[in-house]
Amino acid sequence: MIEFRQVSKRFPDGTLAVSGLDLVIPARQTTVFVGSSGSGKTTILRMINRMVDPSSGSILIDGNDIGGLEPVALRRSIGYVMQNSGLLPHRTVLDNIATVPLLRGAKRGTAREHARELMAVVGLDPNLAQRYPAQLSGGQQQRVGVARGLAADPNILLMDEPFGAVDPIVRAELQVELQRIQRELGKTIVFVTHDIDEAFLLGDQVALFRHGGILAQLGAPRELLDNPADEFVSGFIDAGRPRSILR
């Protein structure tokens, strides 16, 4: 479980990106952060692995304040998937996936064998193992990024608009794959998107943020649809024209 307690973030230029956030992210569920640009959702995500540190407040994982943890070690224990995959261009698919286990001291053979297993988990053809990122399609690159995020078997997987740079057909395929992976592995997934339809499709709970990192509403997709907290929430949902079939 991840908990934010009165967390705020003000950047050196004076911008208040997050303001007094209280939020609980349940274990083994998918929580989606959604909002327009400037709503602080990516900043909030990156505070979980200390890529960004809060100006005030505290963040706890299973009751432990992460402010006292060594940042690099924390990041290596949490999976992270970003837009455009962020793959290392000079490394093969197999070695990209094996990056974090190798950094944590795993033997190369063991790390590569696990990487091959993860290729199957994310639906990648094993014949792609020795290819380089530039030889892959956008959808294949994103699957490699997801596999790399899972490589250290993290309890938490952070996903920062991971499907935003691919075409709609591939995006839909990746969404289905993520749902399948979550059913099989049961990770604590925190997923950032600006697309309310994607949020409703993937999220067990959805956190909708307004400008400045203010939580407008938190709840299951059906709750936000049936009982929007205010005009901002209903307007954001209406503008997104959600089409997904809710659970």
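Here are some notes:
- Qualifying residue in segment 163-180 (condition: β-branched (Val, Ile, Thr), in the same structural domain as residue 196 (by TED's automatic domain parsing) and closer than 22 Å to residue 204 by Cβ): yes
- Residue satisfying all of: in segment 1-22; among the β-branched types (Val, Ile, Thr) and touching a Leu at 6+ places or on another chain (Cβ under 8 Å); surrounded by the fewest Cβ atoms within 10 Å (Cβ to Cβ) among these: 2
Rundown of residues vs (1) outside the structural domain of residue 161 (by TED's automatic domain parsing); (2) of a type in the set (Lys, Arg); (3) at pLDDT 95 or above, yes/no style:
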| residue | (1), (2), (3) |
| --- | --- |
| 49 | no, no, yes |
| 53 | no, no, yes |
| 56 | no, no, yes |
| 68 | no, no, no |
| 99 | yes, no, no |
| 104 | yes, yes, no |
| 108 | yes, yes, no |
| 128 | yes, no, yes |
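- Filtered residue count, segment 5-37, keeping only those that are of a type outside the set (D, E, K, R), assigned to a strand (DSSP E or B) and in contact with a helix residue (DSSP H, G or I) (Cβ under 9 Å, 6 or more places away or on another chain): 10
- Pick from segment 156-188, criterion in contact with a strand residue (DSSP E or B) (Cβ under 6 Å, 6 or more places away or on another chain) and closer than 22 Å to residue 98 by Cβ, ranking: surrounded by the most Cβ atoms within 10 Å (Cβ to Cβ): 162
- Within segment 27-41, one or more residues are in the same structural domain as residue 235 (by TED's automatic domain parsing) and over 25 Å from residue 240 (Cβ atoms).
The values are calculated or read from the model by the stated rules, or taken from the named source; none is laboratory data. What you are looking at is a predicted structure, and each value in this text was computed from that prediction instead of being measured. Methodologically, a virtual Cβ is constructed for each residue, glycine included, from the backbone with ideal geometry; neighbour enumeration extends over all protein chains shown.
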